[in-house]
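Contents: one structure, followed by commentary.
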Amino acid sequence: MYNTFENPFETRYSSDEMKKLFSQDTKFGLWRRLWLALATAEKKLGLPITDEQLDEMRAHLDDINYDVAEAREKEIHHDVMSHIYAFGVQCPKAKPIIHLGATSCFVGDNSELIVMFRALELVKKELVEVISVLSEKALQYAELPTLAFTHLQPAQLTTVGKRLSLYLQELTMDLEEIETTLENFKLRGAKGTTGTQASFQKLFDNDEKKIFELDRLVAEQMGFKKTFSVTGQTYPRKYDYKVLSVVSGIAQSCAKFANDMRLLQSKNEMQEPFGKLQVGSSAMAYKRNPIMAERICSLSRYNISLPVNCAMTSSVQWFERTLDDSANRRIVLAESFLSIDAILLLMKKIISGLVVNESVIKRHVQAELPFMATESILMKCVKKGGDRQTLHEVIRIHSIAVAKAQNEEGKANNLFEKLKNDKAFENFQDCFDDNIDSREYTGISEVQTRNFVNNVVLPKLAEQK
């Protein structure tokens, strides 16, 4: 255990549920179920297959004799043929009809698609949970003013809830993409060696209706309504790119949230939950590092890179199929889902235990608020007959000087005092309000947040129940 490589998705990051989906038991259990579905459909369509043979196969779907399969593969170097052999050892009566008319991709491709479908369903479930807890936080802090940034510089005011609604919007878009993908998901079906269904043509004596019905029946037994109309030996590898792009979209949204969280934690405005016994640094005992947000960013960076890998694989498949996709896909498909699983688990943990330091946020707002109030003051002055361009220049000069004094000398923000004492504003003293309410400068952020959560997000969540 300690002297060989271990995949960190298995040992550190991913859930047991997601790991099980990509396990050997799931893979080879699906192979056997596909063989059973194929034989059942072939019997229904008139081939000489008995109920006794089907029952024998049905009795050994999960008690996989790995030792027999592995020993056989060492001899013949072919995983599908090895498992056909092992299944046949357990099902001697069914042995002659196992994998009848099929190619290796019948079990390989169809099982991979089924696993991806189930993994997408799990990701959807986890994403819904994240959206749900984030919605609660957005409503909770819908009114709390905070600094909004452009170019990472204080710009105007928004609210904490409004900012959270921006993350919610992206995650809701991701949920819609998952729903569309699941709704239109396809299996490869029973297409034969190079996709021509020639083997089934021989089995069914050129009866094209039975050939197409076989494809439909196999998919139906595996729980799917659709198959690809045409394939080569494999389903289009472009489909991997499509599915993993949906997963990558979720990673992008989560990375955006986590990056912002890291910035906000550095300002002490927000913090991810921190355990009582948690150690932030081996040297600096006082530190509270945003390790969960950093891990999201790290895993997201990897996840986002994976669709490009699929695009490259798709672009270099020769004619009906080459095998240079196989080893690559064993890694990339699983790790896309294992990584997004880990990311969403972290997202839910951070958001559920989110610490919002309102006093710090308020202090930062107050330090910048006079600057942001000048636009409103300028409008009031112009309404009273002031020259917009002249007053704008005076505000600009004083703002730069006050900001410099704040930064270099640690002085308080006395912009209003400077402006009121300037001759340019001597006739506009009543345009200043020394008791500024920051909520007056957040626009309709609160209304936007409540409208979005109540009218868009919550109805979407209700659809999932």
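Bear in mind these aren't lab numbers, they're just calculated from the coordinates by the rules spelled out. The structure displayed is predicted, hence computed values, not measured ones. Quick reminder, even Gly has a Cβ in these numbers, built from the backbone with ideal geometry, and neighbours come from all protein chains shown.
Taking a straight Cα-Cα cut-off under 14 Å and skipping sequence neighbours fewer than 8 places away in the same chain, the aspartates and glutamates within cross-link reach of residue 384 are 426, 430. The angle between the Cα long axis of helix 358-383 and the main principal axis of the chain comes to about 60°, on a 0 to 90 degree scale.
Going by neighbour counts of Cβ atoms within 10 Å, the residues 318, 31 line up, fewest first, as 318, 31.
Multiplying the residue separation of residue 444 and residue 358 by 0.36 nm and subtracting their alpha-carbon distance yields 29.0 nm. Applying a threshold of 32 Å to the alpha-carbon distances of 20/238; 380/404; 95/125 flags 95/125 as lying beyond it. Taking label points 7 Å from Cα along the Cα-to-Cβ direction, residue 100 and residue 291 give a separation of 5.8 nm.
About the centre of its Cα atoms, the chain shows a dipole size close to 400 debye [charges on the beta carbon of Lys, Arg (+1) and Asp, Glu (-1) only; nearest 20 debye]. What does the charge count near residue 46 come to, summing +1 for each Lys or Arg and -1 for each Asp or Glu among other residues with Cβ under 15 Å from its Cβ? After counting each charged neighbour, the total is -1.
Computed from the Cβ-Cβ distance with R0 of 41 Å, the FRET efficiency linking residue 397 to residue 169 stands at 0.55.
Per-residue extension of 0.36 nm, minus the Cα-Cα distance of residue 153 and residue 65, leaves a gain of 25.4 nm for this segment.
Is the shape of the range 358-434 rounded, prolate or oblate, going by the alpha carbon gyration tensor and its root eigenvalues a ≥ b ≥ c, with a/c under 1.5 for rounded and a/b larger than b/c for prolate? Because a/c hits 1.5 or more and a/b exceeds b/c, the range 358-434 counts as prolate. Holding the Cα-Cα limit at 28 Å, pick out from 93/186; 93/202; 124/186 the pairs that are longer than that. 93/186, as the Cα separations exceed 28 Å there. In the chain, the calculated helix contribution to ellipticity at 222 nm averages -20500 deg cm²/dmol per residue, counting -39,500 (n - 2.57) for every DSSP H run with n ≥ 4. Using the Stokes-Einstein relation with a Kirkwood hydrodynamic radius computed over Cα pairs, the translational diffusion coefficient of the range 152-196 at 10 °C and a viscosity of 1.306 mPa s comes to 109 µm²/s.
Would you mind checking which residues have amide H under 5 Å from residue 157's amide H? H placed 1.01 Å from N; only 5 or more apart, or other chain. Amide H neighbours of residue 157: 148.
In the chain, the longest principal axis of the Cα atoms and the axis of helix 66-76 are about 70 degrees apart. Charge tally around residue 442: other residues with Cβ under 15 Å, Lys/Arg +1 each, Asp/Glu -1 each, net -2.
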